[in-house]
Amino acid sequence: MGAVSTGWVVDPRGRIMTNHHVLEDKEADELGVMTFDGRVFPVRGVLAADLEGDAVILEIDPGGGELPALALAETARTGEAIRVIGHPDGRFYSLSEGIVSRVFTEKVGEGNARRTWLTVTADYGAGSSGAPVLNSSGKVVGMVSSTAALLADSEEGKEPAAEDEQMVFRDCVSVETMRLLIAD
């Protein structure tokens, strides 16, 4: 089995949302999408991409049928309860819970472009890239993107030890970024 990542159906006609970084070093025709019931579909192409926002919409052919799509929430709020369902380390459909601990914007690229991001407390790991972040109503408020460990000061020239890890930031693409990509 090759690398595993996560995505979700944004449109029942076969549009799949995942992270832009999932496509690094890959062509669309090297990718496939597997549904919960085990059906596999080749990726036909990339419909829209946002490198700075780490989001992409892929197209598959659902064979004349429709796939169940997830609805987008209006926004995410700090303190809001969330759930993440992803495939960390190939452990398919793992569910974790937490809250939105931070909503923030940052400048990207040249000019005045900005992206909104979320930080969440729900656990996730490698293989969960592109996983939907769901609110208590089951609507998408974000999408798993990355983690960054905050380390305590360690001795200069020495690799940090496990005990140097203080916390992990789990950053997610915001629903606002995904809406911009869908509108393109």
Assigned charges on the beta-carbon of Lys, Arg, Asp, Glu; segment 1-83 dipole about Cα centre (debye)
320
Not counting ligands, DNA or RNA, and with a 1.4 Å probe, what is ASP89's accessible surface area in Å² rounded to the nearest 10?
120
Spelling out what I want: for every residue of segment 33-42, take phi, set θ = phi - 60°, compute 6.51 cos²θ - 1.76 cosθ + 1.60 (Karplus), and round to whole Hz; glycine and proline get x.
10, 10, 8, 4, 8, x, 6, 10, 10, x
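Can you list which of the chymotrypsin sites (Phe, Trp or Tyr not before Pro) found in segment 1-109 are DSSP loop residues with at most 12 other C-beta atoms within 10 Å?
PHE36, TYR93
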Using the Cα centre of the chain as the reference point, and only Cβ charges (+1 on K/R, -1 on D/E), how large is the resulting charge dipole? Debye, rounded to the nearest 20.
840
In whole Hz, what ³J(HN,Hα) sequence does segment 50-65 give by Karplus (6.51, -1.76, 1.60; θ = phi - 60°), x for Gly and Pro?
9, 4, 5, x, 6, 9, 8, 10, 9, 10, 10, 9, x, x, x, x
Which trypsin sites (Lys or Arg not before Pro) in segment 86-184 pass both tests, a DSSP loop state and at most 16 other beta-carbon atoms within 10 Å?
ARG91, LYS139, LYS158
Structure-based [θ]222 nm, the chain - -39500 (n - 2.57) summed over DSSP H runs of at least 4, per residue, nearest 500
-1500 deg cm²/dmol
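The values are calculated or read from the model by the stated rules, or taken from the named source; none is laboratory data. Being a predicted model, the structure only gives us computed values, none of them experimental. Note that each Cβ is placed from the backbone with ideal geometry, even for glycine, and that neighbours are counted across all protein chains shown. All accessible areas refer to the heavy atoms of the entire protein, side chains included, with ligands and DNA or RNA removed. Shrake-Rupley method; radii C 1.70, N 1.55, O 1.52, S 1.80 Å.
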